[in-house]
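Dumping the structure here so I can ask a few things about it.
The values are calculated or read from the model by the stated rules, or taken from the named source; none is laboratory data. From a predicted model like this one, the values you see are computed outputs, not experimental measurements. Here the Cβ positions follow ideal geometry from the backbone for every residue, glycine too, while neighbour counts run over all protein chains shown.
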Amino acid sequence: MAKLIQGETGEWEIVIGMEVHAQVIAKSKLFSGASTQFGAEPNSQVSLVDAAMPGMLPVLNEYVVEQAVRTGLGLNSKINNVSVFERKNYFYPDLPQGYQISQYEHPIVGEGVIEIDLPDGTVKEIGITRLHLEQDAGKSMHDQHPTKSFVDLNRSGCALMEIVSEPDIRGPEEAAAYLSKLRMILRYLGTCDGNMEEGSMRADVNISVRKPGGPLGTRAEIKNVNSVKAVQQAIDYEVQRQIEIIEDGGEVDQETRLWDPNKGETRSMRSKEEAHDYRYFPDPDLLPLHVSNDQIENIRTTLPELPDQKKHRFMDDYGLSLYDASVLIAEQQRAEFYEDVANDNDAKLAANWVINELLGILNKNETKLSDSPITAEKLSGLIKLISDDTISGKIAKDVFADMYETGKAAADIVEEKGLKQVTDTGAIEAIVDEVIAENPDNVGAYKGGKDKLFGFFVGQVMKKTQGKANPAVVNELLKKKLG
Amino acid sequence: MTELTHLTIEDALTGLKNKDFSAKELAEAHISAMEGARDLNAFIVETPEIALKQAEESDKRYASGDAGLLDGIPFANKDLFCTEGTQTTAASKILEGFVPQYTSTVGQNLADAGAVMLGKANLDQFAMGSSNTTSAFGNVINPWKASDGKDLVPGGSSGGSAAAVAARIAMGATATDTGGSIRQPASFCGIAGIKPTYGRCSRWGVVAFSSSLDHPGPIARTVKDNALMLQAMAGYDPKDSTSANKPVPDYAAAMTGDMKGMKIGIPKEYRIDGMPDEIQKLWDQGAEWLKEAGAEIVEISLPHTKYALPAYYIIAPAEASSNLARYDGVKYGHRSKDAETLAEMYAKTRAEGFGDEVQRRIMIGAYVLSAGYYDAYYIKAQKIRRLILNDFEKAYETVDAILTPTAPSAAFAIGENEDDPIKMYLNDVFTVTANLAGVPGMSVPAGLDANGLPLGLQILGKAWDEETVFKVGGVIEEAAQFSALPQTVMSKAA
C-alpha cells in the first residue's frame, strides 16, 4: 500500500526509517542502582555514578540486559552473543559524564522483522536493523529562572533501547502502524510501558522522497516526534517540504530537523557539516557483554504469546475477522478479557459485545478496561442470558447499561426488573389477538398490501409485553394470524 | 622520637603489637616529620587531625587485641584517591575545593586495615607526568639532591607519595601507575613500589586518567612493606567491572628467597640506545644476584617493545580525553566566572582549570579518536597492545619473571626535559609495556649512580602472579643492601 504523493512533476514515493528510543522497564538504571520511578522530585534519584562524580564507575544492570534480549526475541531478531558498550562523546549540561554509554559497532540485538497491520486489512513486514542499549540523558530546564538553566538528572543513566528499523516504511499510515505495533510488542513483553506522553517512548523519523523505484533521496532526520499522531503530521509536512524543494530545482539537505507540534512544522536543528564527531570508542570501564545461548533460550521460555501470534490464534480458534482480532489483541489485558468472555460463550457474539458495547462505553467515559464496572465474568453472564433466550438482544442492551451504572450482575437486574423474555406461546398469542382486535384499520391496510405495517404490529406486541416477548415467537404468530 | 619514622612497616607493626610505642606516638612522629618537610611540597592537604583520631582508635584496637593488618601505620594518600570529607583535587585547579562524599575502595580497604591517613599526597595533574612538575599545587621536590645541591624531580606521577615515603614522612603511600607512575618515582626516590595486575586493586573512587591503563598500588620503602600494603589494598570490588574476583594471596609469605628452578628473562629490546652505562651495569648486576641466588638467567625477546611508547601515548590520551570530559563546570569543581554562553563556559572553564600537559593530552586524545583518524591511530594502537600482551605471554611460557631497569635515568633536575614532551615521555619506556599488558611490575632500589642518586630495577611477572614478583624483588633487595638515605633525611638526622 505504498502511498504515492502527486507532485507537479509526477509521483513521489516516501521512504521512511525509524529510530525508536524505548525506556526499559527496570527498577534501577542501566549502570547504577538509582531508581527509575517517573515524576519524582528533581535530582532525587541520582547516584554518584549518574552525577559523574570523579572516580565513579558503571556497573551493568543484568536485568536490563535480560529485558533487551527479551525484546530482541519479541522482534524476531538475532541476539548477539557478544556486544560492546562504547562511549559517544559530546558536551551538554544534561550529560554529566561528557559521554553517553551506548552500543555502536556491536549492538546486543541484530536483524529481525515485525508485521504491521494496515488500515486496508493487509499486513506488511518491516525489517528491524538492530536494537542497542544506551543511557538516557538528564533534562535541562530553561523555564525555572530568568537567567539560569537548571538540570534534573533523575533520568540521567536510565536504560534505553534504541530500536532501528530498515527504510521499509512507505508513508504516514505505515509509520503509525509500525509505531503502534512496536509499542504493542514492547508492552506485551513488559520491557517498555510505551508511554509516549511521559517520554518513555520517543521516535526519530528519517524521511526522504524519491521517484517510485528510483535511487534513495537525501534524508532528513526528524527529532522530537512524540506521539503516533505527531509522526503522521511530521511526515506529511516533511514530505511536502522535500518535494517542493526538489521540484523547485533545489536539493534536500542532509540534516537533523526538529518537529514543532505547536506550529505543525519541522525546522532545521543542525546540518551535516555541523554534525558532531562523537569519537566513539569502546568504554574501557566495561568489559564486552557476553550473553550465552543458554541464557537466550532461558529468556525465550519466559516470552508471552506475542500480538501477532495471538491475532492469528484468535482468527483461527474463534473465527474472528482480522479487524476484530486486531482490536482485541491491541492490549494484552483486553485480549485476556475477551478470552474470559469467549470461552464460556459464542466467540463471535462475545467479540461483538466486547468491541462494540464494552469498549464503546469505556471509550466514551474515558475509563480504562481495568476500571470497568462490568467484569469479564459479568459480561459473560449477560451474554449467556441472550444465548439461552432468557432476554432478547435489545433488552440485553438496557441490562448492559444498567450493569455499567450499578455494577450488578445481569441475572439480578433481569430478575429485579422482571425483564425475563416471554416465550410462552399461549400468553403471546393472547396479546397478538388483542393487538389485532384493537387495530382493525391497520389489519385491513396490511391485508390490502401495506407489508410495512408488519413492524407496527410487532411494536404493539412488544409495547404490551414491555419488550419481553420473544421476537421470533411474535413474528411467527403475527404472520400466522395476519395471513 | 625521630627514629620511629625510620622503621619499616613490618617493624612498626611489631613495635605496636609489643606496645613499644603507641599508634598515637607513631602518628605524632610522622605528623611532625610532615610539618618539618613542607619544603618538599609532598602534600596538597595535610590531615593531622584525621591521623590522630585514627591513631587513637588504632590504639584501642591494639588494647582490645583486634588490630588489623596495617593497624596504626601512617600513610600518604595520593590525591587521586577520593576521600569522604577531605578535598580531592587530582592536583588540578578544576577540582580545587572538591570534597567527595565517598572514599575510594582502596582507601577504605586501608582504613579497614587500620592504616592512618596523614594527608593527600601531591602528584602530576590528573596523574599525567613523569616529574611531578604538572601539579597545580606546585612541584614536589625529591628528598635526594643533585651533587651540586640542585632540586631534583621525584618522578611522577606519584611524586608526592614517593617523596613522602623516601623522606620518612609516611611509612607507605597509595599510588597509581598508568605508564610507570608508581615504579619510576619509586626508582627516583630510592624506594620500592609495585603496580599489581590490572584488576587486582579496585579503581572505584580513584580519579580516572586512562581507565584501561590505571593501576592503583602501593609505594613503601621495602619489598615486604609493599607486600603488606598491597595485601590490604587489593581485592575484588563489585563496584569496578574490571576488578577480578580472585582471592588475594599472602604476598609476604611468598618472599621465601628461594630462586631454585626459577628462570628470569632479560629482554634484549630493553637495551636501548643512549642508556647510561651505569644502568646497564646495574641491570647486569641484578641478573648476577639472581643467578647467585639460584635462578637461571635467560635472554628473551619482547619484539614489539619499541611500539609500546607510541601506542601508549595514543591509548592513554584517548581515554583521558573522554574521562576528563566530566570536568565541565556544570556540576562541581571550577567554573569560569566570565562566560556568557554555554560554549564559552565550557571552553573557559576547561582552559582555566586544566594545566598545559592535561590540555595537550586531551587534544591528542580527541584527535586520535576523531573520524578519519580512529582506525589509523586508536585501532592500530590497540592492535599493538595485543601484540605486546602476546609478547609477554610467549615469554612467560619459558620464564617466571623478567628483569629490566625501571627507568632510563636517575632523577633529573626540575625544569629539565620540560621543553620537549617526547623526551619527557621517554621516562616511561621500560614501564609502559606492563600497563599495556596489565601484568604486574615492581621497582626495587638496587644501587646509586655516579652522582649518588638511586636507581631501581624492575621485576615484571605473569598476570596474577605478584607472588613471584615479590619473591624476586625480595632477593634483589637482600642482595643490593640498599641503605643510602636521601640528603634531606640525613641532614635532619644529624
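Of the residues in region B:17-34, how many are within 23 Å of the chain's Cα centre (by Cα) and more than 24 Å from B:S64 (Cβ to Cβ)?
Within region B:17-34, residues that are within 23 Å of the chain's Cα centre (by Cα) and more than 24 Å from B:S64 (Cβ to Cβ) number 3.
Looking at B:G257, is it at positive phi and either touching a Leu at 6+ places or on another chain (Cβ under 8 Å) or away from every other protein chain (no Cβ under 14 Å) (or both)?
Taking the combined requirement at face value, the residue satisfies it.
Next question, about the same structure. Of (1) outside any strand (DSSP E or B); (2) of a type outside the set (V, I, T); (3) within 30 Å of B:A366 (Cα to Cα); (4) under 35 Å from the mean Cα position of the chain (by Cα), A:Q240 satisfies all except one. Which?
Status for A:Q240: all satisfied but (3).
This table checks each residue for (1) among the hydroxyl-bearing types (S, T, Y); (2) farther than 25 Å from A:L4 by Cβ.
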{"residue": "A:L189", "(1), (2)": "no, yes"}
{"residue": "A:E197", "(1), (2)": "no, yes"}
{"residue": "A:V205", "(1), (2)": "no, no"}
{"residue": "A:I222", "(1), (2)": "no, no"}
{"residue": "A:A234", "(1), (2)": "no, no"}
{"residue": "A:Y237", "(1), (2)": "yes, no"}
{"residue": "A:E247", "(1), (2)": "no, no"}
{"residue": "A:V252", "(1), (2)": "no, no"}
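Is one or more of the residues making up region B:199-207 over 16 Å from B:G441 (Cβ atoms), facing chain A (nearest Cβ under 10 Å) and aromatic (F, W, Y)?
yes
Could you grab me the full set of residues in region A:32-60 that are over 22 Å from B:G333 (Cβ atoms) and either within 14 Å of chain B (Cβ to nearest Cβ) or not aromatic (F, W, Y) (or both)?
Within region A:32-60, A:G33, A:S35, A:T36, A:Q37, A:G39, A:A40, A:E41, A:S44, A:Q45, A:V59, A:L60 meet the criteria.
Any residue in region A:35-44 that is of a type in the set (F, W, Y) and crowded, with 17+ Cβ neighbours inside 10 Å?
No - not one qualifying residue is present in region A:35-44.
Do we have B:D240 as within 14 Å of chain A (Cβ to nearest Cβ) and among the charged types (D, E, K, R) here?
yes
Take the residues in region A:4-38 that are free of Cβ contacts under 8 Å to residues at least 60 places away in the same chain and not in a strand (DSSP E or B); name whichever of them is farthest from A:I245 (Cα to Cα).
Ranking the qualifying residues of region A:4-38, first place goes to A:G33.
So which residues in region B:70-92 are in a loop (DSSP other than H, G, I, E, B) and buried (at least 18 other Cβ atoms within 10 Å of the Cβ), if there are any at all?
Scanning region B:70-92 gives B:L70, B:D71, B:G72, B:I73, B:D79, B:L80, B:C82, B:T88, B:T89, B:A90, B:A91, B:S92.
A further question follows. Could you list all residues from region B:298-329 that are of a type in the set (A, V, I, L, M, F, W, C), more than 27 Å from B:G286 (Cα to Cα) and in contact with a Ser or Thr (Cβ under 6 Å, 6 or more places away or on another chain)?
B:A316, B:A320
Of the numbered conditions (1) acidic (D, E); (2) under 28 Å from A:A203 (Cβ atoms); (3) in contact (Cβ under 8 Å) with a residue 40 or more places away in the chain, A:E265 fails exactly one; give the number of that condition.
Every listed condition holds for A:E265 apart from (3).
Another question about this same structure. Return the residue satisfying two criteria in turn: it lies in region B:412-434 and is assigned to a helix (DSSP H, G or I) and under 19 Å from B:K268 (Cα atoms), and of such residues it is farthest from the chain's Cα centre (by Cα).
Per the criteria, the residue is B:L426.
Just wondering, is there one or more residues in region B:58-66 that are at pLDDT below 95 and assigned to a helix (DSSP H, G or I)?
No, region B:58-66 contains no residue that is at pLDDT below 95 and assigned to a helix (DSSP H, G or I).
Filter the helices (runs of 4 or more DSSP H) completely within region A:393-455 down to those with at least 1 residues that are within 40 Å of the chain's Cα centre (by Cα) and of a type in the set (A, V, I, L, M).
Those helices (runs of 4 or more DSSP H) span A:393-406, A:410-417.
I'd like the full set of residues that are aromatic (F, W, Y) and modelled with pLDDT of 95 or more, limited to region B:413-438.
Once the filter is applied, which keeps residues that are aromatic (F, W, Y) and modelled with pLDDT of 95 or more, region B:413-438 yields only B:F430.
For region A:254-294, what are the residues that are among the hydroxyl-bearing types (S, T, Y), more than 13 Å from every other protein chain (Cβ to nearest Cβ) and either in contact with an Asp or Glu (Cβ under 8 Å, 6 or more places away or on another chain) or in a strand (DSSP E or B) (or both)?
Once the filter is applied, which keeps residues that are among the hydroxyl-bearing types (S, T, Y), more than 13 Å from every other protein chain (Cβ to nearest Cβ) and either in contact with an Asp or Glu (Cβ under 8 Å, 6 or more places away or on another chain) or in a strand (DSSP E or B) (or both), region A:254-294 yields A:T256, A:T266, A:S268, A:S271.
Also: Does any residue of region A:92-111 turn out to be without any contact (Cβ under 8 Å) to a residue 24 or more places away in the chain, within 13 Å of chain B (Cβ to nearest Cβ) and within 30 Å of the chain's Cα centre (by Cα)?
There is no residue in region A:92-111 that is without any contact (Cβ under 8 Å) to a residue 24 or more places away in the chain, within 13 Å of chain B (Cβ to nearest Cβ) and within 30 Å of the chain's Cα centre (by Cα).
Which of (1) surrounded by 22 or more Cβ atoms within 10 Å (Cβ to Cβ); (2) on the phi > 0 side of the Ramachandran plot is the odd one out, the single condition A:G190 does not satisfy?
Going through the list (1) surrounded by 22 or more Cβ atoms within 10 Å (Cβ to Cβ); (2) on the phi > 0 side of the Ramachandran plot, A:G190 breaks only (1).
Considering only residues that are within 11 Å of chain A (Cβ to nearest Cβ) and polar (S, T, N, Q), which ones fall in region B:359-393?
B:S370, B:Q382
What do you reckon, is A:I101 at pLDDT 95 or above, touching a strand residue (DSSP E or B) at 6+ places or on another chain (Cβ under 7 Å) and either surrounded by fewer than 20 Cβ atoms within 10 Å (Cβ to Cβ) or within 28 Å of B:E319 (Cβ to Cβ) (or both)?
Judged against the criteria, A:I101 is a match.
Related question: Just checking: which of the strands (runs of 3 or more DSSP E) contained wholly in region B:102-196 hold 2 or more residues that are under 10 Å from the mean Cα position of the chain (by Cα) and in contact (Cβ under 8 Å) with a residue 60 or more places away in the chain?
B:172-177, B:192-195
Then there is this: Looking at the structure I just gave you, is A:N43 in a loop (DSSP other than H, G, I, E, B), of a type outside the set (A, V, I, L, M, F, W, C) and within 22 Å of A:L131 (Cβ to Cβ)?
So A:N43 fails the test.
Then there is this: If you take the residues in region A:66-87 that are more than 10 Å from every other protein chain (Cβ to nearest Cβ) and basic (K, R), which one is surrounded by the most Cβ atoms within 10 Å (Cβ to Cβ)?
So the residue we want is A:R70.
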